[in-house]
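Chemist: Sending over a structure as structure tokens; questions will come in a sec.
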């Protein structure tokens, strides 16, 4: 039992959303990267979440589950081909394969992640307030 | 109420009044609910997650005991537990049934309830102190 109830769960969510923000930042930063160490243009990375059992209640049914990053996978969809013969990575017919990063999609992801982060922060704040009030019982 | 139980002190009746026992039980439930809401909001983006909540039979059991007249005996067996909220529908393609606005509202509501209950318990203890010392401070 934690003094501040549920704070471990909220902490896991904050960490998970932070990872997602990092990945979004990486995607946006590499939106124009046409050459990577593994060759070919940058491929967009996607974060997926999964639950992690924190406390089971046995046969009672519900259990408390925190969240963690399940995996960071690569979006394999093909990137746009742009005609740009001057580009060092252009093929013989002058086409350059750009990364499959879609800026508007990344922005939506960014906003969703930061809103979810905020929601979790307010849960942490509320849990703290409740713990303080509990400690003030009898005062 | 059982005042003359062996090994019990004179202040026990105060800590076994219906209001006090009820407030204590509901305070437990408020803490469990806070944990449930924390888990729900944490998993707001997890595919397939189903929201959890305090089982509704907790309040019903308390009500039944209250109606039966004595809350102080056997009430230890009534514990708030978490169940998957079967009534929550999922409108999302990933099967997640959490609505973050709903959770935040529930959290605020729970927080007010928690404040109210801690206040009741504090008042009970203050009354006891006043009875002992004859002073309000």
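What follows is calculated from the coordinates using simple rules that are stated; it is not laboratory data. Here the structure is a predicted model, which means the values were calculated and not measured. A quick note on method: Cβ atoms are made from the backbone with ideal geometry, for glycine too, and the neighbour counts reach across all protein chains shown.
Chemist: Output needed: percent of Cα pairs per 10 Å distance bin for the stretch B:71-137, bins running from 0 to the one holding the longest distance.
Modeler: 15, 24, 28, 19, 10, 4, 0
Chemist: If you don't mind, another one. Quote the FRET efficiency, to the nearest 0.05, computed for residue A:56 versus residue B:131 with a Förster distance R0 of 45 Å and r equal to the Cβ-Cβ distance. Let's see the in-between values first.
Modeler: Values: r = 44 Å, r/R0 = 0.98.
About 0.55, to the nearest 0.05.
Chemist: Based on the Cα gyration tensor of the stretch B:51-92, what are the three equivalent ellipsoid semi-axes, each the root of five times an eigenvalue, rounded to whole Å and given largest first?
Modeler: With the √(5λ) rule applied to the stretch B:51-92, the semi-axes are 29, 10, 4 Å.
Chemist: What does the convex hull of the Cα atoms come to per residue for the stretch A:1-125, in Å³?
Modeler: For the stretch A:1-125, the hull spanned by Cα atoms encloses 126 Å³ per residue.
Chemist: Another one. Per DSSP helix of 4 or more residues, -39500 (n - 2.57); summed, then divided by the residues of chain A. What does that give at 222 nm, rounded to the nearest 500?
Modeler: Result for chain A, helices only: -14500 deg cm²/dmol.
Chemist: Distance from the Cα centre of the stretch A:1-56 to that of the stretch B:84-116, in angstrom?
Modeler: 24
Chemist: A follow-up question, please. So how do A:17-26, A:86-95 stack up, highest first, on mean other-Cβ count within 10 Å?
Modeler: Working: A:17-26: 18.2, A:86-95: 11.2.
Sorting A:17-26, A:86-95 by mean packing, highest first, produces A:17-26, A:86-95.
Chemist: Relative contact order for chain B: what is it in percent, counting Cα pairs under 8 Å that are at least 6 residues apart? Don't skip to the end; give the middle numbers.
Modeler: Working: 138 pairs, mean separation 43.2, N = 137.
About 32 percent, as a whole number.
Chemist: What order, most packed first, do the peptides A:47-55, A:120-128, B:63-71 have when packing is the mean number of other Cβ atoms within 10 Å of each residue?
Modeler: A:120-128, A:47-55, B:63-71
Chemist: Ignoring everything except DSSP H segments at least 4 long, calculate the 222 nm mean residue ellipticity for chain B; use -39,500 (n - 2.57) per segment, divide by total residues, nearest 500.
Modeler: So the calculated ellipticity at 222 nm is -18500 deg cm²/dmol.
Chemist: Something else about it: Normalising by the residue count of the stretch A:62-131, find the relative contact order in percent from Cα pairs under 8 Å and 6+ residues apart.
Modeler: 20
Chemist: In vacuo Debye scattering of the protein assembly as shown, one point per C-alpha: log10 I(q)/I(0) at q = 0.13 Å⁻¹?
Modeler: -0.92
Chemist: Taking 8 Å as the Cα distance limit and 6 or more residues as the minimum spacing, I'd like the relative contact order of chain A as a percentage.
Modeler: 31
Chemist: If you take each beta carbon of peptide B:112-121 and count the beta carbons of other chains within 10 angstrom, what is the mean?
Modeler: For this peptide, the per-residue mean of nearby foreign Cβ atoms is 3.
Chemist: Then there is this: Which whole number gives the average count of other chain Cβ atoms within 10 Å of the Cβ atoms across peptide A:6-13?
Modeler: 6
Chemist: Could I ask something else about it? How would you order A:8-15, A:73-80, B:122-129 from highest to lowest mean count of nearby Cβ atoms within 10 Å?
Modeler: Most protected by this proxy first, the peptides run A:8-15, B:122-129, A:73-80.
Chemist: If you count, for every residue in B:44-52, the Cβ atoms of partner chains within 10 Å of its Cβ, what is the mean? The partial results should precede the final answer.
Modeler: Values: counts 9, 11, 12, 5, 2, 5, 3, 1, 6.
Mean shielding by partner chains, rounded to a whole number: 6.
Chemist: Let me see the pair-distance distribution of the stretch B:9-137: every alpha carbon pair, 5 Å bin width, integer percents in order.
Modeler: 2, 10, 16, 17, 16, 12, 10, 7, 5, 3, 2, 1, 0
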